[in-house]
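Trainee: First, the structure itself, so that you have it in front of you.
The values are calculated or read from the model by the stated rules, or taken from the named source; none is laboratory data. On a predicted model such as this, the values are computed, not experimentally measured, just so you know. Note that we place each Cβ from the backbone using ideal geometry, even for glycine, and neighbour counts take in every protein chain shown. The accessibility values were calculated without ligands, DNA or RNA, using every heavy atom of the protein model including side chains. Shrake-Rupley method; radii C 1.70, N 1.55, O 1.52, S 1.80 Å.
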2 protein chains.
Amino acid sequence: MNWADLQVLLAFQREGTLQKTAVKLGIDISTVSRRLRSLETDLGSTVIENVSGRLVLTSYGEQAARTAEAMEAESENLPRSVKDSEKLLSGVLRIALLDLVVFFHADLINAFTVRYPQIALELVSGTTRMHSLTRREADVAIRIAKQPDETLVGMRAVHSKYAVYAHTSIANQSYASLGELPWIGWDAAVNARVTDAWMERHIPTRQVRYRVNSPIAQFLMTEAGSGACILPIVYAERSDKLVKISDVLSGFDTDLWLLTHRDLRRNARVQAFFDHFYQGLAPFR
Amino acid sequence: MNWADLQVLLAFQREGTLQKTAVKLGIDISTVSRRLRSLETDLGSTVIENVSGRLVLTSYGEQAARTAEAMEAESENLPRSVKDSEKLLSGVLRIALLDLVVFFHADLINAFTVRYPQIALELVSGTTRMHSLTRREADVAIRIAKQPDETLVGMRAVHSKYAVYAHTSIANQSYASLGELPWIGWDAAVNARVTDAWMERHIPTRQVRYRVNSPIAQFLMTEAGSGACILPIVYAERSDKLVKISDVLSGFDTDLWLLTHRDLRRNARVQAFFDHFYQGLAPFR
DNA sequence: CATTCAGTTTGCATCTGTGCAAATGTAGCT
DNA sequence: AGCTACATTTGCACAGATGCAAACTGAATG
């Protein structure tokens, strides 16, 4: 499928005759004719037909020309100079993410600002997990979830399973079951159904010494030796203070998603961000 | 500007090397190289650069590749068969218009249904002038206005000036001024500021025998000889029962617009409708 | 430091696609 | 009916784009 032939088709639709099309494109009549024919063999359908000496688009040809028109509309966005393209990579980019992500990927974020000095990053972190992208509170969201919001588009950058971890000092104690250890769980305000269900079944409530409402707090408290906690393996394994003290837990798997609105999906800044992060997160995949 | 070269650029971005790109496209390495170079001279900027033996896209090249990607996304909509394209021209098309338009352009509407038998037209006419396109009460609106709603897109199909017309029997009476004739005016519910202001200045209220709320009613009543009325010239001149009894009135000019939502602007049915009507209305322009 | 590998560049013969010009076809006009 | 204007089709010679093969470059490896 040759896009150049679609250009010819579009020009022909506008000009109406081979002659005018040829003049417009600065090529010969015969070439126009033959390019349209080649398009037909590519597409497998008749695009023009000869009605008493004049060529007119078939209904099919008109449809094809329509999408060519849409393509042209996109092509207008071609940066026409280097300056033009640089402008696309400047401005503000608001990113909604968890502090946990900042904690583990500060280097990656930093590398981004070095690589694209004209882009001002605004990190909207905090404990509320759901920053509404649809309300434009951020351009991009980095979310940890099993399934992202359907109205958003993006990619799965990291996959992680979960297990119970604890500081070495705790792990080295002797204990008959995990229920004997001190634990760190979720605050009631956090809607963590899977975790809550598991904890209820395996851990006596009195053993849950801390209830926190953010993943980063869970992680830091666990590293500080406050108790055992269910943590994502990809991250926990990178800490030399933590030890895995259970098998992999099933049903906990989540993914790290890079997400944006449909409208922004072709935005240069957003794409630069996605490319940078998707590549940078490869070691975690 | 050759779109085919953009295709090559896009493929190169995805494959990463000339070699792989060449295989993917089924052409030779050297051709890939030269096509990219030709793109550079077309665009006037460097698209790839040689960093220690490997070719990588420049920042500018990445931007260009992005729009190529957007073009590709559009190209996916290319109907791949005649059946495919026919499907695009079937279904329902709701049109909001004035009865006046139906009255004068019934032939044109009819010709449309003959030409596109698979499109079921739904005409939403009536006296309320503003059918909300943004609420999807209709796909297309044919509106008579000076300026269309800014959120809508479309084209100006007919331009008309206005003058006072009356049935020949009335026009043939002897009268000193237009104020002596019986008149047809707008109902109070119709927001016709320009007309109301003119009438107030030139016509005694008691002479306004009829007040109607739709343009078609104005037209038909005038043709029936009920009184004088301000009518659009393009239409009034086509009636052999009506005579122009004033100069052209200034400040009354309006246009007939074909309008749709931005989202639907590339829809096949809508475009077919626009093309058909814009051409069919040429004699009125 | 030589060797290999993966990639890009360049020179040259070839072939495809292009432009030109003549032929052909259709509608409209006198 | 013949003429004109405008349009498409076709045959042929040629230029430019293509593929091939060889030369070239840099990085990694032992």
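Trainee: In this structure, does A:Gly53 turn out to be open to solvent by less than 40 Å² (accessible area, probe 1.4 Å) and either under 19 Å from B:Ser59 (Cβ atoms) or away from chain B (no Cβ under 14 Å) (or both)?
Mentor: The answer is no for A:Gly53.
Trainee: So which residues in region A:102-128 are touching a helix residue (DSSP H, G or I) at 6+ places or on another chain (Cβ under 9 Å), modelled with pLDDT under 90 and not in a helix (DSSP H, G or I), if there are any at all?
Mentor: Passing the criteria: A:Ser125, A:Gly126, A:Thr127.
Trainee: More than 10 Å from chain B (Cβ to nearest Cβ) and touching a residue at least 40 places away in the same chain (Cβ under 8 Å): is that true of A:Leu93 in this structure?
Mentor: yes
Trainee: Going through A:Gly44, A:Gly61, A:Gly26, A:Gly53 one at a time, which residue ends up being under 21 Å from B:Leu39 (Cβ atoms) and outside the structural domain of A:Leu220 (by TED's automatic domain parsing)?
Mentor: Result: A:Gly26 is the single residue among A:Gly44, A:Gly61, A:Gly26, A:Gly53 that is under 21 Å from B:Leu39 (Cβ atoms) and outside the structural domain of A:Leu220 (by TED's automatic domain parsing).
Trainee: Turning to a different aspect of this structure: Scan region B:191-218 residue by residue and report those that are touching a residue at least 40 places away in the same chain (Cβ under 8 Å) and not in a helix (DSSP H, G or I).
Mentor: B:Asn213, B:Ser214
Trainee: Residues that are among the small types (Gly, Ala, Ser) and under 15 Å from A:Ser160 (Cβ atoms): does region A:260-280 have at least one?
Mentor: no
Trainee: State the number of residues belonging to region A:247-285 that are outside any helix (DSSP H, G or I) and more than 23 Å from A:Asn213 (Cβ to Cβ).
Mentor: Looking only at that region, the number is 14.
Trainee: Continuing with the same structure: Quick one: in region A:15-48, of everything that is exposed (fewer than 12 other Cβ atoms within 10 Å of the Cβ) and within 13 Å of chain B (Cβ to nearest Cβ), which residue is nearest to DNA strand D (Cβ to nearest atom)?
Mentor: A:Gly26
Trainee: Keeping to region A:67-107, report how many residues are of a type in the set (Val, Ile, Thr) and surrounded by fewer than 18 Cβ atoms within 10 Å (Cβ to Cβ).
Mentor: The total comes to 3.
Trainee: May I ask you to verify whether B:Asp5 is within 14 Å of chain A (Cβ to nearest Cβ), charged (D, E, K, R) and open to solvent by less than 10 Å² (accessible area, probe 1.4 Å)?
Mentor: It is true that B:Asp5 is within 14 Å of chain A (Cβ to nearest Cβ), charged (D, E, K, R) and open to solvent by less than 10 Å² (accessible area, probe 1.4 Å).
Trainee: I'd like to check which strands (runs of 3 or more DSSP E) are fully inside region B:1-101 and have at least 1 residues that are within 15 Å of DNA strand C (Cβ to nearest atom). Explain how you work it out, then say what you get.
Mentor: Details: elements: B:48-51, B:54-57, B:91-96.
Result: B:48-51, B:54-57.
Trainee: Quick check: is even one residue across region A:169-176 assigned by TED's automatic domain parsing to the domain that holds A:Gly251, closer than 24 Å to A:Ser239 by Cα and under 24 Å from the mean Cα position of the chain (by Cα)?
Mentor: no
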